[in-house]
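A.B. asks: Take a look at the following structure, please.
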């Protein structure tokens with residue numbers, strides 16, 4: 001009557017083979033979508049941070065003189081900077097959507113299981129966002145409107 | 001020989017056992033998530049207003065910003081953006097520095113990051129709270145009326 005009693009003879013005939021895993025169990029950040037979203041989050045975050053430093057400085061010129069501000073903001077209207085703004089919005093969009101994915105992974109019981117699906121949902125929403133922004137912004141930059 | 005200093009089995013790390021201790025990493029973790037959600041709204045609102053409608057990059061100038069900041073809602077919006085985004089970004093950069101920089105180099109980078117963040121927070125707050133929208137000329141009818149009344 002102890003729990004350590006030997007199991008009875010005749011082992012069950014049909015023990016299923018353990019499924020082969022491509023990755024060790026319980027990894028979120030090792031390989032594939034989980035890892036690459038982490039890499040992208042760091043790269044976009046760093047880029048946005050350095051833009052933010054510059055953006056606080058250039059906006060502070062409003063306090064000095066309208067001429068100083070207009071001279072600096074004028075450089076944002078050049079074609080090269082216009083393409084830079086596309087890259088900036090793309091980086092912010094990706095960082096924001098992947099950030100919401102991270103929050104879902106941490107907050108909800110279904111989160112870690114759905115992390116891979118959520119990555120592709122984020123990419124899909126990101127493409128929709130860019131379709132909405134890029135043509136319109138490029139028209140503003142290159143003078144179509 | 002005494003057994004006083006041996007922790008009971010399965011007890012957590014000594015440093016984690018002190019209850020009610022302020023854990024800065026935990027609050028940093030919470031801050032990134034709370035500010036992140038708020039920043040999604042604040043930044044996309046900022047981008048839409050300035051780059052899509054009614055603003056667009058080709059018309060951005062001092063008069064556009066002055067017209068915006070004549071409304072106190074935008075001052076609050078921009079103050080929230082400044083504090084939430086810069087601290088969110090600085091905390092993210094702190095994580096990267098701790099991951100990739102070591103020794104003296106890490107110390108220098110962390111101090112530079114902290115100093116930059118503090119200076120920009122103070123400067124940005126002063127700019128937004130002492131800004132005078134009547135400083136320059138504008139063709140914003142509402143703003144001209146407000147400034148004429150002063």
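Only the coordinates and a few stated rules stand behind these numbers; no lab work does. All of these numbers come straight from a predicted model, not from anything done at the bench. Every residue, glycine among them, receives a Cβ derived from its backbone with ideal geometry; neighbour counts consider all protein chains shown.
A.B. asks: Which order results if B:49, A:69 are arranged by neighbouring Cβ count within 10 Å, fewest first?
C.D. replies: Fewest-to-most Cβ neighbours within 10 Å comes out as B:49, A:69.
A.B. asks: Note down the nm distance, to one decimal, between modelled labels 7 Å out along Cα→Cβ at residue A:17 and at residue B:41.
C.D. replies: 5.4
A.B. asks: Using the beta-carbon distance between residue A:46 and residue B:8 and R0 = 45 Å, what value does 1/(1 + (r/R0)^6) give for FRET efficiency, to the nearest 0.05?
C.D. replies: For residue A:46 and residue B:8, the calculated efficiency is 0.50.
A.B. asks: FRET efficiency for residue B:61 and residue A:128, Cβ-Cβ distance as r, R0 = 35 Å, nearest 0.05?
C.D. replies: 0.70
A.B. asks: Could you work out which residue, out of B:39, B:79, B:96, moves most in a Gaussian network model of chain B, that is, has the largest mean-square fluctuation with Cα springs under 10 Å?
C.D. replies: B:96
A.B. asks: While we're on this one: Helix-only mean residue ellipticity at 222 nm, chain B, DSSP H runs n ≥ 4 weighted -39,500 (n - 2.57), per residue, nearest 500. What is it?
C.D. replies: Rounded to the nearest 500, the figure is -23000 deg cm²/dmol.
A.B. asks: Take residue A:71, project a point 7 Å from its Cα along the Cβ direction, then tell me which residues of the stretch B:53-87 have their backbone nitrogen under 16 Å from it.
C.D. replies: Counting backbone N atoms under 16 Å from the label point, the list is B:62.
A.B. asks: For labels at residue B:108 and residue B:26 in the simple 7 Å Cα→Cβ model, what's the distance in nm?
C.D. replies: The two pseudo-label positions are separated by 3.6 nm.
A.B. asks: Calculated FRET efficiency, residue B:91 and residue A:58, Cβ-Cβ r, R0 25 Å, to nearest 0.05?
C.D. replies: About 0.60, to the nearest 0.05.
A.B. asks: Can you tell me the orientation of helix B:103-130 relative to chain B, as the angle in degrees between its alpha-carbon axis and the longest Cα principal axis, to the nearest 10?
C.D. replies: 30
A.B. asks: With axes computed from alpha carbons, what is the tilt in degrees of helix B:24-47 against the longest principal axis of chain B, rounded to the nearest 10 within 0 to 90?
C.D. replies: 20
A.B. asks: Could you state the angle between the C-alpha long axis of helix B:72-100 and the longest principal axis of the C-alpha atoms of chain B, as a value from 0 to 90 degrees rounded to the nearest 10?
C.D. replies: Between helix and principal axis, roughly 40 degrees.
A.B. asks: Relative contact order of the stretch A:32-142: what whole-number percent is it, with Cα pairs under 8 angstrom and at least 6 residues apart?
C.D. replies: 34
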